[in-house]
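The values are calculated or read from the model by the stated rules, or taken from the named source; none is laboratory data. Just so it is clear, the model here is predicted, and its values are computed rather than measured. All Cβ positions, glycine included, derive from the backbone under ideal geometry; neighbour counts span all protein chains shown.
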Amino acid sequence: MGHFLLHTLYALVRQPGRPVHVLKQIRFIGAKSLFVIVLTAGFTGMVLGLQGYYTLAKFGSDGLLGAVVSLSLIRELGPVLSALMVTGRAGSAITAEIGIMRISEQIDAMETMALDPFKYLVSPKFIAAMISLPLLCAIFDVVGIYGGWLVGVKLLGVNPGSYFTEMYRSVEWKDVWSGMVKSFSFGIIIAWVGCYKGYYAGHGAEGVSKATTESVVLASVLVLVWDYFLTSILL
Amino acid sequence: MIELINIHKAFGSQTVLNGLNLKVPAGTTTAVIGPSGEGKSVMLKHMIGLLTPDQGEVLVDGTSILGLGRVELNRIREKFAMVFQNAALFDSMTVYENVAFPLEEKTNLSRDEISSRVETALLEVGLKNVYQKYPDELSGGMKKRVGLARGLLLEPQIVLFDEPTTGLDPVIRRAIHQLIKETQAKFGFTAVIVSHDIPDIFEVAHHIAMLYRGEILQFGTPEEIQGSDHPVVRQFISGSLDGPINSGVA
């Protein structure tokens, strides 16, 4: 896997692929994940609003709800949950697509034309994932914060002024920046695992199916493990 | 010229090629025949560096392709085209996009020039009005023709055909053979065809190589192979059920 990543990074520098291929992948990995990201973000923010309100209310601090919801989302839940959603939706599809191309000799055909499959198949997906994940995370954060606002302010009666004022006061640029760094690195993990598993998929439909499952499991675990180490560095 | 010298290849415990030697004469058509599962496609993939042997040497125009970096190997591959058994068309691209792909990626031709060359290439293999179709909308014979058009577009010096007529009806099979024969005569490339089509292949190839148990058992002109006394060769070309191939004793 390490060699695969090095080859990809080399390909990214030397032959990053045509912009049209990258845009196509941004559409697939990014734009087509929007619905699931917005849906997940909305309900995540709402449940955070609900849980946060009842916990903070015990200490008479329900005015801090905006800070709790926004910090939880921006630092952790936004990057991690958006990455897990993209892993399930796009990571699996990346593996299946490349895996099917592998078993049907389409990748061999590309190689016999003296064309590097990394340039056409792998590099565009890496670039697209590195661009899309931070953007999806930003959308996740915003939608989630409004989800928390909907429950906290509109349903449970938290002061609307304090919800946003506490958020502005507690969230620093460093928090936003660390969330973006996490998302960027999760994008690399999703593309790396997805492409690798597809590229080395076993024989037949069973091989592709196994590779797809392994891709989702491995990428999800790596996202969570890497999140811990990155958090310990960025905090 | 392509030369395979003492090629050994095994996948796990299964030995596929066992000291195979073959010289493919330049500018002619060589057909590799032999029972199924004997490693003909594996041998073909060694010629273009898709597989590397466990032991042995692969020479293309006198240059060893083993141990070459990607850039050097690609320079050698520029000479080749390969037509795969299942055509290996890019299934997310239309017929036009499939054929145009190598031109778009490897030349600086204008869009109009590419379009004109793609149309000519498709017409040469007898295809029209299929440009916007996807591979899964084509018949097996049409896919093979598109694969052939894509392969020949960059005017290769060597063309490898991996069972180009498998699964096709006799008429289409004959048409594909005729097409290979005509294009080889027209462009003068070196062709290697892996095939089971006895006796049709004798009309297409200048040389026949019989592969059996990981080795080239016999190499010669179609007449020499048809007149061979070797029991394995005789049984294979006659299609007889009785003989060393079934009994496993050569």
- Query: So which of A:205, A:211 is in a helix (DSSP H, G or I), touching a Phe, Trp or Tyr at 6+ places or on another chain (Cβ under 9 Å) and not acidic (Asp, Glu)?
  - Reply: A:211
- Task: Of the conditions (1) within 26 Å of residue A:209 (Cα to Cα); (2) at pLDDT below 90, residue A:26 clears all except one; give me its number.
- Result: (2)
- Message: Among the numbered criteria (1) crowded, with 19+ Cβ neighbours inside 10 Å; (2) away from chain B (no Cβ under 14 Å); (3) assigned to a helix (DSSP H, G or I); (4) out of contact with any Pro (no Cβ under 7 Å at 6 or more places or on another chain), which one does residue A:158 miss?
- Response: (3)
- Within segment B:23-40, which residues are part of a strand (DSSP E or B) and surrounded by 21 or more Cβ atoms within 10 Å (Cβ to Cβ)? B:24, B:29, B:31, B:32, B:33
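Quick grid of which residues meet (1) within 30 Å of residue A:173 (Cα to Cα); (2) in contact with a Leu (Cβ under 9 Å, 6 or more places away or on another chain); (3) within 14 Å of chain B (Cβ to nearest Cβ):
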residue	(1), (2), (3)
A:53	yes, yes, no
A:57	yes, yes, no
A:60	yes, no, no
A:64	yes, yes, no
A:67	yes, no, no
A:91	yes, no, no
A:97	no, yes, yes
A:110	no, yes, yes
A:115	no, no, yes
- Select the strands (runs of 3 or more DSSP E) contained entirely in segment B:188-229, then report the ones holding at least 3 residues which are closer than 20 Å to residue B:85 by Cβ, under 15 Å from the mean Cα position of the chain (by Cα) and aliphatic (A, V, I, L, M). B:190-194, B:207-212
- Query: For segment B:215-250, which residues satisfy the criterion of being modelled with pLDDT of 90 or more and touching a Gly at 6+ places or on another chain (Cβ under 7 Å)?
  - Reply: B:215
- Message: If the requirement is being within 14 Å of chain A (Cβ to nearest Cβ) and in contact with a strand residue (DSSP E or B) (Cβ under 7 Å, 6 or more places away or on another chain), which of these qualifies: B:47, B:43?
- Response: B:47
- Query: How many residues are in contact with a helix residue (DSSP H, G or I) (Cβ under 7 Å, 6 or more places away or on another chain), within 7 Å of chain A (Cβ to nearest Cβ) and not in a strand (DSSP E or B) if we restrict to segment B:57-84?
  - Reply: 2
- Message: Given the condition surrounded by 22 or more Cβ atoms within 10 Å (Cβ to Cβ), on the phi < 0 side of the Ramachandran plot and within 14 Å of chain B (Cβ to nearest Cβ), answer yes or no: does some residue in segment A:145-155 qualify?
- Response: no
- Query: Restricting segment A:170-180 to residues that are in contact with a helix residue (DSSP H, G or I) (Cβ under 7 Å, 6 or more places away or on another chain) and part of a helix (DSSP H, G or I), which is farthest from residue A:80 (Cα to Cα)?
  - Reply: A:170
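Here's the yes/no breakdown for (1) under 30 Å from residue A:119 (Cα atoms); (2) in contact (Cβ under 8 Å) with a residue 24 or more places away in the chain:
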{"residue": "A:149", "(1), (2)": "no, yes"}
{"residue": "A:160", "(1), (2)": "no, no"}
{"residue": "A:182", "(1), (2)": "yes, yes"}
{"residue": "A:190", "(1), (2)": "yes, yes"}
{"residue": "A:196", "(1), (2)": "yes, yes"}
{"residue": "A:208", "(1), (2)": "yes, yes"}
{"residue": "A:211", "(1), (2)": "yes, yes"}
{"residue": "A:219", "(1), (2)": "yes, yes"}
- Item | Among (1) of a type outside the set (Val, Ile, Thr); (2) under 15 Å from the mean Cα position of the chain (by Cα); (3) within 14 Å of chain B (Cβ to nearest Cβ), the one test that residue A:102 misses | (2)
- Message: Scan segment B:41-50 and tell me whether some residue there is of a type in the set (D, E, K, R), modelled with pLDDT of 90 or more, closer than 23 Å to residue B:157 by Cβ and not in a strand (DSSP E or B).
- Response: yes
- Note on the structure: Being touching a Pro at 6+ places or on another chain (Cβ under 8 Å), hydrophobic (A, V, I, L, M, F, W, C) and farther than 13 Å from residue A:102 by Cα narrows A:186, A:229 down to just A:186
- Task: Within segment A:34-57, identify whether any single residue is surrounded by fewer than 21 Cβ atoms within 10 Å (Cβ to Cβ), touching a Lys or Arg at 6+ places or on another chain (Cβ under 9 Å) and closer than 24 Å to residue A:140 by Cβ, and answer yes or no.
- Result: yes
- helices (runs of 4 or more DSSP H) wholly inside segment A:60-143 containing at least 2 residues that are in contact (Cβ under 8 Å) with a residue 60 or more places away in the chain and surrounded by fewer than 24 Cβ atoms within 10 Å (Cβ to Cβ): A:65-71, A:78-86, A:92-103
- Item | Members of segment B:99-121 that are under 27 Å from residue B:41 (Cα atoms) and either basic (Lys, Arg) or under 19 Å from the mean Cα position of the chain (by Cα) (or both) | B:99, B:102, B:106, B:121
- Are there any pairs, at least 6 apart or on different chains, whose C-beta atoms fall under 7 Å, with the first in segment B:85-99 and within 16 Å of residue B:129 (Cβ to Cβ) and facing another protein chain (nearest Cβ under 8 Å) and the second among the small types (Gly, Ala, Ser) and assigned to a helix (DSSP H, G or I), and if so, which? none
- Item | Every residue from segment B:100-120 that is surrounded by fewer than 22 Cβ atoms within 10 Å (Cβ to Cβ), free of Cβ contacts under 8 Å to residues at least 40 places away in the same chain and either part of a helix (DSSP H, G or I) or within 11 Å of chain A (Cβ to nearest Cβ) (or both) | B:104, B:105, B:111, B:112, B:113, B:114, B:115, B:116, B:117, B:119, B:120
- Identify all residues within segment A:215-224 that are more than 14 Å from the chain's Cα centre (by Cα) and loosely packed, with under 15 Cβ neighbours inside 10 Å; write none if there are none. A:217
